[in-house]
1. Residues being in contact with a helix residue (DSSP H, G or I) (Cβ under 8 Å, 6 or more places away or on another chain) and under 20 Å from K141 (Cα atoms): count how many of those fall in region 60-81.
2. Name the residue that is surrounded by the fewest Cβ atoms within 10 Å (Cβ to Cβ), counting only residues in region 63-77 that are touching a Ser or Thr at 6+ places or on another chain (Cβ under 9 Å) and not small (G, A, S).
3. Being closer than 15 Å to A85 by Cα and of a type outside the set (A, V, I, L, M, F, W, C) is the filter; apply it to region 23-48 and report the residue that is modelled with the lowest pLDDT.
4. Going by what's in this entry, would E36 be described as assigned to a loop (DSSP other than H, G, I, E, B) and either in contact with an Asp or Glu (Cβ under 9 Å, 6 or more places away or on another chain) or more than 25 Å from E111 (Cβ to Cβ) (or both)?
5. Please list, ordered by first then second residue, the pairs with beta carbon atoms under 7 Å, 6 or more apart or interchain, first in region 67-92 and basic (K, R) and at pLDDT 95 or above, second open to solvent by less than 50 Å² (accessible area, probe 1.4 Å) and part of a loop (DSSP other than H, G, I, E, B).
6. Might you check whether a residue that is of a type in the set (V, I, T) and buried (at least 19 other Cβ atoms within 10 Å of the Cβ) occurs anywhere in region 39-62?
7. If you take the residues of region 94-130 that are at pLDDT below 90 and open to solvent by less than 70 Å² (accessible area, probe 1.4 Å), which of them is nearest to L58 (Cα to Cα)?
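The values are calculated or read from the model by the stated rules, or taken from the named source; none is laboratory data. Note that the coordinates shown come from a computational prediction; the quantities given were computed from them, not determined experimentally. When we count neighbours, we look across all protein chains shown, and the Cβ atoms used for this are built from the backbone with ideal geometry, even at glycine. Areas reflect the complete protein model, heavy atoms only, side chains present, ligands, DNA and RNA absent. Shrake-Rupley method; radii C 1.70, N 1.55, O 1.52, S 1.80 Å.
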Amino acid sequence: MAPRIFFRTPPTCPYCGTLNEGSKIQLSSALGNDPEWTSALPGEAMDAGLGDFEVTFLTLRPPDGPTFVAIEQWTCQSCRLGPFARLAFRIRTPRVAQFVGAEVVQLLTSEVLDTAHFMTREIEYWTPLLGEDEARIDELKRQL
């Protein structure tokens, strides 16, 4: 199994309203070269560069500066549903990115997708909700 980086931030579930503990949240990506599973708090550097994001995620558009955004799915510890989060990063070196923070995404609207650079490949398991950009989500699924 590939190494995973867990993003330790306390998101509130948009479905049930539960504030999830940052130390237990299931918000992660298979990024980097660390052979062990690891975690990152906001402000911490990770052993993963921009190239790792280009391999792990679907590229929506290339970053045009040192900061970029990836959308990842996570699991609420209370209701077990799978909302999305917008993860913000900053490039520190070609092989190191800094985890800046995360915010919960209510719906995958055009506006949300337009602000992201990368999208989780887990989108293939997602059925669009009412109000989400179904055509764009279907197009992302076809890219897998």
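1. So the count comes out to 6.
2. By that ranking, first place goes to Q77.
3. My answer is Q26.
4. Yes; evaluated as a whole, the condition is true for this residue.
5. Partner pairs satisfying both residue conditions: R86/A116.
6. yes
7. I123
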